[in-house]
Every structure is written in C-alpha cells, then in structure tokens.
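Each remark here refers to the structure printed beneath this line.
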2 protein chains.
Amino acid sequence: MEKLVLARRASQIKEELRQRMRNHKQVIDVSWGDPQSAGVKPLSFVRQVLAACLYPDLMNSNTLPLDIRQRAQRLLGECAGGSVGSYTATAGISEIVYRISEFITKRDGGAPSQPENIYISPGSQWALSNILKVLVNSEASPRTGVLTPEPCYPLTTFSIKGLGGVTVPYHLSEEQGWELQVEELHRALDSARGVCNPVALYVINPGNPAGYVQSRKSMQDVIRFASEKRLFLLADEVYQECVHGEKSEFLSYKRVLAEMGPPHSDTVELASFHSASKGFLGECGLRGGYVELVNLDPDVMKCIHKLFTIDSCAPVLSQFALDLMTNPPQPGDPSYPLYSKEIQHIKTMMAHNVKRVFEVLNSLLGFSCQPLEGGAFAFPRLYLPPKAIQKAKEMEVEPDMFYCIRLLEEAGVLVKPGWEYGQKEGTHHIRFCIMTSEDTMEEVLSRLSSFHTQFMKDFS
Amino acid sequence: MEKLVLARRASQIKEELRQRMRNHKQVIDVSWGDPQSAGVKPLSFVRQVLAACLYPDLMNSNTLPLDIRQRAQRLLGECAGGSVGSYTATAGISEIVYRISEFITKRDGGAPSQPENIYISPGSQWALSNILKVLVNSEASPRTGVLTPEPCYPLTTFSIKGLGGVTVPYHLSEEQGWELQVEELHRALDSARGVCNPVALYVINPGNPAGYVQSRKSMQDVIRFASEKRLFLLADEVYQECVHGEKSEFLSYKRVLAEMGPPHSDTVELASFHSASKGFLGECGLRGGYVELVNLDPDVMKCIHKLFTIDSCAPVLSQFALDLMTNPPQPGDPSYPLYSKEIQHIKTMMAHNVKRVFEVLNSLLGFSCQPLEGGAFAFPRLYLPPKAIQKAKEMEVEPDMFYCIRLLEEAGVLVKPGWEYGQKEGTHHIRFCIMTSEDTMEEVLSRLSSFHTQFMKDFS
C-alpha cells in the first residue's frame, strides 16, 4: 500500500517539476525498463513490417524493402480475413506459435519445443499471473508459498500476494555479484516451515533489478533443488538478449534442464517467460509476451488452457512483434544491413552504458555497484549518512525513498528506491534502467554525480 | 466445461473441413463478433494514423493526408519518448483519457464526465473483469450474486462464476423483441433469496446476443430498480454505434441517469463499458476498451485503481484507436470525405444485412427472428423437429448444438448454439454475427437456407 502512495507522490513531484521546469531541461525517467521512453530507437525492420500490416496500401509501392513486404503479406495471410483487426486463437496465431517453437529449439541447441506448450499473451507478466492462478490455491491452509529472490521484480510478489499466496524470499548474495546460492534456497525453504506450503520457485535470469547472469552450474543446482523439493520452476527470462559480461552467456532453463537428461529433464515442471518489451525490440507499448510450459501434468495444462481461453487473444501486432523478434532478417535479405547496423548500435550503446555506470558509480563515495553482467538495470548499493537516515525517519519514508525524492526534486532524475524490491535489513539501493541512449545515460550520470556529492555533503 | 469441450470440437471439425475443402470453397465463421474476419474493411483513417505512428518516416512524404500526419504527430507527442513502444500511465495516456471524457460529455448531451473516472484497458471485457473482482467477494457466505440477462454474453457469466460469484438470470422477453421487463428483475431478485447476496445488475445495451435497444423508459425503470435494491449497475454498451431500427436510438445509462436528476443521479453506482473492437472501427485485434465509473465510493475507487495499476497499460495503439473512434475526422479535414464514405458504406451494408437476415430467417419454416434493432448479432429461435431433438439426445449434445455441428459439417457455416447464452427451457436458438460484408452475409444466408430446408426434411 505504502508503495503505491509513494509512487503516486513521486509522480506528483515529477508532474510538478515538469510544469515548473526548475533548473532542469526535463525530468529524465529511468525508473522503468522502458528503453524507447529513454531515447532508444525502435528497430526499423519491426516498425516497417507492422506499419505495412496495419496499412497494406504501403505494399503497393517500393517504399519498403521487398522482404519487409513479403513478411507483412505472410503475416496477414495468417490472420482471419487477412486483417490485424480480427481476433486470433487465444494461444496466438498458430503459425506464429509454431515459429516461436522453432526459435526456442534452435536457441536451445536442439532441445525440442512443442507448439502446444506455448501461449502468447499480452505481456509476459500477464502469462505469469495466469500460471500463478493455477499454482496458488487462495483457500489453502497453510497458504501456498512461492520462493522469490530478494531483490525481486515487485509485480510478481504483488501477484502472488494478490492471489492469497505467500512469498518466501531467498537472498541473492550482493557481495558475490548477486549470485543465487543454493544453500540460501535451503535456508529459505526451511524458514517457510509452519508458515506456508511452498509449491514453486521463481527465478529471474538475467536478473532484475540486480544485473547477474546465472551460470550453467548455478542453474543445475537450482533445478536439482526444485526437483528434490518438488517445486514448480518459474523462469523469468525476458532479458535473455541483454548479456553484457564478456564471460557471461545466457542459457535458458529449458536448455539446461533438457541437457541434464533424465530423470530431471522428464520431471521438473517449468514455465519460461519471454517478451517483446525487453531486449533489442524494447516494444513495451505493444504488450506481447509468451510462456513455454515443460513437463506439466495434462490436467494442469487443461486448467491453464481454460484460463488463457477465458480472455481474448493478445494484441495481433504484439504477436507479430514476437514473430519478428524470434525470426529476424537473415544475411542476404534486403532489410538485413540496416537491421544489423541498428542491432550493433544498441549493443555498442549498452556496452558504453554498462562501462560508464560501473565506473561512475564506483567512483562516488557512498555508492558501490556490482559488475553489470546482464539485464537492463543497475542496482547499486547506497551507503547513506546517519543524518540522512534520521531525516528520512522524521519524514516517515524509507531512507532510499528519501534519497530518490531528493534526486527527483533537485536533479530531475526519477529512479526507484531499493526497498520496493526487497533488500537486506539495513542496506539501501536505487534501481535505474541502463537501456537508454548514450546521451541520456551521460546526462543521468552527470546529474546523479553532482546531486550525490552535494547530498553527502549536506548530510555529513 | 461442456462448453469448452464442444467449442473445441467445433474448431476441430472446422479445421478438418478446411483441409478437406469438401463442397465448400471455405468455412465461413460468423460465430464471433469479429467484422474484419468476415470481410468488413477497416477504416482507412484509423489505419493510416496508426501506421504513421508506428513508422513515423511515413510522415516525411505526402503519401498520407495532412490531418492524418498532424494527428499522428500529436498522438506521438503524448507518448513518453515520442514512441508507441513506451509504457503509458496504467489508466491510459492522460490526454487521450481527457478527450474520451469530452466525447462522453458531448454524446450524453452535456452530462459531465470526469477523466479521473475513466480507465483504458486491453478490451472492455478486461475492464469488466476488474470491476467484478471488486464487487464479487469470493469468500462471502452466502455468495455474491450478479443479475445477468438471459440470453447473456457468456464471458461475463464465466467471469462472475470464476470469481466465486453466482449469476441470477433475468429473462428477456423474446416475444416482445427481447424486451427487458422490470417485473422480471423483481422475480429474479426474489429467486435469489436464500441463495446468494445480489450486489450488481449487468445489462447489455444494445443487446448481445439478442438485438434489442432499450428505450429511455426501460432504462429509467432499470435505474429505479437498481437504486431501490441498492445494486451496482454494470452497463455493457460496446455496441452503441450499432443501432439499426429506424425508431431506435442509443442512449447511454450515464445520460439517462444524469437526466433523471437527484437523488438517482447522485447515488446509483454505474460502470459503463465501451470498446474499439465493436461498432464501425471493428478493431478486435488491437485490444482496446475503456470503462467510465459514476458515483463510486472513494474507497472503492481506490481498490479499482489498485487493480488497474497491478497490470501494465493497455496496448498503446489500441489507446490511439479509442482516441480516433471518439474523435473522428470532421467536415473540412482532408481525410473526412473518405472517412465519411467508408462509414456510409458500413451503414448501408448493415442495413442490407439486417433486412435480409430478417426476411430470409422468417421465410424459413422452423425459424422465427425478432426485429433486429441493434447490436451485431441475429439470435433467431429455432423450432427443431422432435426427431432432431431425439437424435441430439442420442449424441449427448444440446439440440441446437447438434444443429450447429450439422450446419458446419454440411454447409461450412460456423455459428453458435443458443444454449451457450442461456435460453428458456425447451427453446432453441442460434447466434451469428451480422456485421459482415454483404457478399458474406448473402453466402451465409444461402447456405443456411439450403441446409435448413434439407435438415427439416431429414428430421420430419
């Protein structure tokens, strides 16, 4: 509750600032994983195909490259009445679902993927909520528990609690680059004894808000733990394209599970989520994601099918976006050179931002930032002076919220306080999106540095 | 449950037919309110603006009319980062919400509408589900009741039951053109005594599946009833543009309520739903709708705000579509002549279909169709021969389902059986969409007539 009130307050301050314009040209909002709002350009390939699908007259001229027009034609051919204005099957257009399953198989080194186990939805979070509805029994006593990382993406913990479930937090180890340690999973599970009945384990890889990327070894440990404790594995993998560390590599839980072989590969129940909002597409506004389900009991699949069937289909254009994301242009296609250049540009931009954020934050007294291996966020630790903590107490807000409000008011930068994600007692953090244009990130870092230096002085 | 199984069976038969191609060129699916899948062309104005928003390079040439480009520019200016790829506020882009409130005020003859009472959502049904979540207490004993029409759009009854509520059906009077009679509301409410605790009354106007349009008098009766019995009024008004009867006129519940004056206008709680999927736009695939809330308790508004805030925003392009629907081109705008011609075309098409459906169905022995005053569907009564009913019994399906399966198998026309919507014991109906191209409707009627004549012969 307090969270919403504070969020609203932040937005009021933001609006106020916007109108007064104070010393800042504008408020920079890096509080969400919303790259296009922070100056990242959409991929021309995606936008051209979608525009042609919306307004097929565009295909009559040579304005758009041939493969774009062919792609649009094919997608429209897969819609009822040849129009993006028609409903589709609830799980998504079957041809697109099929091509997504091919993408997964290829991504996962051949581990087979079945189209009938894939559901397209209006965003991955929506799919996750539906799966949680099946897992969390709102009337159970003791209540249903779900192991969740700390720090954790808060919409997931909201969903679990909203369904009458209980979150069982396991701490990621900040000092070890936010590593997920299996002993901590055991501790968390023990802590649930007598409190709730844990049925699932939620992991986010690459991380959000913390920017870790799990190794194969770490994932194998998690899978063995899930298997031993009979936990359903919920793998949030929406940042799979965002891997920055040179030694890091994204591996899907599906792949690691398949490659472990029986009995694990045949028994551990897994739901893996992906999205058109994150990664290089960054099309948050289209609202499209999907879930792939592995090793589910046929009766549970029936329940899930029913839940997805009660609502209408995902927006057709977001289904197309998922198709374009999982089947990008190939060398030789007329649109490939531009596509490839734009992807390279995003990669360069991310590499720049990752390097600069790490350098700048760690150069500031009172900040410490773990290496940013993956994902779209920085989640640096903030060492606040006792006077600042005292002041926050007087104002009845969390200390890192106090910092965020000041940062917004004085420097026009909107970030999120760590306490919204969960953090170890007595520690403080901020979260901000690093998937922004280079200019935006430089401006954020410059404003943050000046503000922070002054803040530390004011409260020293 | 049986419904889902039967629906799946119908879709299997459809797929099978599609592959075998039998005697029919193709299966015609008029089982949904999905105009574009049935040959209705989208409005150029809408598609041009949306395409320009998706791919702003289109604004650099003169391919698109000036007002289209200006409109696209303005909409993009209202998005974070100037892109449809960004998230928006959960209730929708504030400028669009504001313009929707202006549209409502104008539509309702000046009855004021407050932007803060409007929420844009991914489809109106999604908004309705959210409001139901607030109204239906899943743990209450006796259970929460909602009065629903019979016949009724089934996703709403699914939602109510899915939340642990109970539907309390009130019968629409078929013989009186599916009129909603207030005595029947009293009967229904009495029937709920000892069974559940009714808290809300759901009305669909213009009707679905039955094509009635309520008069002001009828709506006033309903409002007085709701007021007296302290029921929350849920008004599904998504077919407000679809009024065919020459003497019929769409009036919103909001307007009738406001014009009744105090005490009703200040006290009756109302939620009114509208959508970009229905009416002349027919953009089902974009997934956009909105709800306006009237006279709600501030605490209830807070709950609703929270529910809408847990999920992300509606797709940005669907928000734009709602803006375009509620603020169409005006005389003098370059895009007006084409827009106006296309709207006229849809009206002519609908008038044709309404006339022909009524004529043809009522000319067939064993069909009787009430006048089609509004909405997008025909819901004719079917008088099945005893032998057909017997045969259905043997096959363990509902008699009108049996008819629908045969119609699909033998004539390649997919319609819905009346029993899915609720109907008086011993009566049978079918529902099909009449918002199709004229050619499609003629083909449907021709296939239906031949099939029906043969069917009646076979089972005589």
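The set of residues in segment A:135-160 that are out of contact with any strand residue (DSSP E or B) (no Cβ under 9 Å at 6 or more places or on another chain) and either modelled with pLDDT of 95 or more or among the aliphatic types (A, V, I, L, M) (or both) contains only A:Leu155. Against the numbered list (1) within 24 Å of the chain's Cα centre (by Cα); (2) surrounded by fewer than 19 Cβ atoms within 10 Å (Cβ to Cβ); (3) touching a residue at least 60 places away in the same chain (Cβ under 8 Å); (4) within 20 Å of A:Gly109 (Cβ to Cβ), A:Glu259 comes up short only at (1). What are the residues in segment B:222-255 that are under 15 Å from the mean Cα position of the chain (by Cα), part of a loop (DSSP other than H, G, I, E, B) and of a type in the set (A, V, I, L, M), if any? Once the filter is applied, which keeps residues that are under 15 Å from the mean Cα position of the chain (by Cα), part of a loop (DSSP other than H, G, I, E, B) and of a type in the set (A, V, I, L, M), segment B:222-255 yields only B:Val238.
Yes/no per residue for (1) on the phi > 0 side of the Ramachandran plot; (2) part of a helix (DSSP H, G or I); (3) touching a helix residue (DSSP H, G or I) at 6+ places or on another chain (Cβ under 7 Å):
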site	(1), (2), (3)
B:Trp419	no, yes, yes
B:Gly422	yes, no, no
B:Arg431	no, no, yes
B:Asp439	no, yes, no
B:Val444	no, yes, no
B:Ser449	no, yes, yes
B:Gln454	no, yes, no
B:Ser460	no, no, no
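Among the candidates B:Arg287, B:Arg356, B:Arg381, which residue alone is of a type in the set (Lys, Arg), in contact (Cβ under 8 Å) with a residue 12 or more places away in the chain and closer than 24 Å to B:Arg107 by Cβ? Criteria check complete, one pass: B:Arg287. Taken together, B:Phe379, B:Phe320 contain a single residue that is aromatic (Phe, Trp, Tyr) and closer than 30 Å to B:Ala89 by Cα, which is B:Phe320. Inspect all residues belonging to segment B:262-276 and state whether any of them is part of a loop (DSSP other than H, G, I, E, B), under 25 Å from B:Glu179 (Cα atoms) and in the same structural domain as B:Ala200 (by TED's automatic domain parsing). So far as segment B:262-276 goes, yes, one or more of its residues are part of a loop (DSSP other than H, G, I, E, B), under 25 Å from B:Glu179 (Cα atoms) and in the same structural domain as B:Ala200 (by TED's automatic domain parsing). Filtered by the rule that a residue be of a type in the set (A, V, I, L, M, F, W, C) and within 22 Å of B:Lys416 (Cα to Cα), segment B:201-232 gives B:Val203, B:Ile204, B:Ala210, B:Val213. Restricting attention to segment B:311-329, the residues that are farther than 20 Å from B:Ile104 by Cα and in a helix (DSSP H, G or I) add up to 2. Consider segment A:97-125 and keep the residues that are touching a strand residue (DSSP E or B) at 6+ places or on another chain (Cβ under 7 Å) and of a type outside the set (S, T, N, Q). The one that is nearest to the other protein chains (Cβ to nearest Cβ) is A:Gly123. Of the residues making up segment B:413-444, just one is of a type in the set (Gly, Ala, Ser) and either closer than 14 Å to B:Trp32 by Cβ or surrounded by 23 or more Cβ atoms within 10 Å (Cβ to Cβ) (or both), namely B:Gly418. If the condition is being within 16 Å of A:Val238 (Cβ to Cβ) and within 13 Å of chain B (Cβ to nearest Cβ), then segment A:140-156 contributes A:Tyr153, A:Pro154, A:Leu155, A:Thr156.
In segment A:119-130, the count of residues that are hydroxyl-bearing (Ser, Thr, Tyr), touching a residue at least 60 places away in the same chain (Cβ under 8 Å) and surrounded by fewer than 20 Cβ atoms within 10 Å (Cβ to Cβ) is zero. You will find that of B:Gly366, B:Gly375, B:Gly412, B:Gly426, the residue that is touching a Lys or Arg at 6+ places or on another chain (Cβ under 8 Å) and not hydroxyl-bearing (Ser, Thr, Tyr) is B:Gly412 and no other. When B:Tyr202 is tested against the conditions (1) over 30 Å from A:Leu307 (Cα atoms); (2) of a type in the set (Phe, Trp, Tyr); (3) buried (at least 24 other Cβ atoms within 10 Å of the Cβ), the lone failure is (1).
Applying the criterion of being within 8 Å of chain B (Cβ to nearest Cβ) and in contact (Cβ under 8 Å) with a residue 40 or more places away in the chain to the residues of segment A:45-70, the residue that is nearest to the chain's Cα centre (by Cα) is A:Leu50. The residues of segment B:377-404 that are over 24 Å from B:Ser363 (Cβ atoms) and in a helix (DSSP H, G or I), listed by number, are B:Gln390, B:Lys391, B:Ala392, B:Lys393, B:Glu394, B:Met395, B:Met401.
Residues in segment B:157-198 that are within 14 Å of chain A (Cβ to nearest Cβ) and of a type in the set (Val, Ile, Thr): B:Thr157, B:Ile160. Filtering segment B:227-238 for residues that are small (Gly, Ala, Ser), in contact with a helix residue (DSSP H, G or I) (Cβ under 7 Å, 6 or more places away or on another chain) and within 21 Å of B:Leu155 (Cα to Cα) leaves a non-empty set.
Number of residues in segment B:348-374 that are surrounded by fewer than 14 Cβ atoms within 10 Å (Cβ to Cβ) and part of a helix (DSSP H, G or I) equals 6. Candidates are the residues of segment B:72-108 that are outside any loop (DSSP other than H, G, I, E, B) and of a type in the set (Gly, Ala, Ser); the one that is surrounded by the fewest Cβ atoms within 10 Å (Cβ to Cβ) is B:Gly77. Step by step: first the residues of segment A:288-310, then only those that are touching a helix residue (DSSP H, G or I) at 6+ places or on another chain (Cβ under 7 Å), within 14 Å of chain B (Cβ to nearest Cβ) and not in a strand (DSSP E or B), then the one that is farthest from A:Ile120 (Cα to Cα). Which residue is that? Here the answer is A:Cys303.
Listed by first and then second residue, the pairs with beta-carbon distance under 8 Å, at least 6 apart or on different chains, first residue in segment B:158-178 and free of Cβ contacts under 8 Å to residues at least 24 places away in the same chain, second part of a strand (DSSP E or B) and among the charged types (D, E, K, R), are B:Tyr170/B:Glu150; B:Ser173/B:Glu179. Answer with yes or no whether A:Gly279 is out of contact with any Asp or Glu (no Cβ under 6 Å at 6 or more places or on another chain) and under 26 Å from B:Thr309 (Cα atoms). Considered against the rule, which asks whether it is out of contact with any Asp or Glu (no Cβ under 6 Å at 6 or more places or on another chain) and under 26 Å from B:Thr309 (Cα atoms), A:Gly279 comes out as no.
Taking the criterion of being touching a helix residue (DSSP H, G or I) at 6+ places or on another chain (Cβ under 6 Å) and within 12 Å of chain B (Cβ to nearest Cβ), the residues of segment A:263-287 that qualify are A:Ser275, A:Ala276, A:Ser277, A:Phe280, A:Leu281, A:Gly282, A:Glu283, A:Gly285, A:Leu286, A:Arg287.
The values are calculated or read from the model by the stated rules, or taken from the named source; none is laboratory data. What you see is a predicted model, and the numbers here were worked out from it, not measured in a lab. Methodologically, a virtual Cβ is constructed for each residue, glycine included, from the backbone with ideal geometry; neighbour enumeration extends over all protein chains shown.
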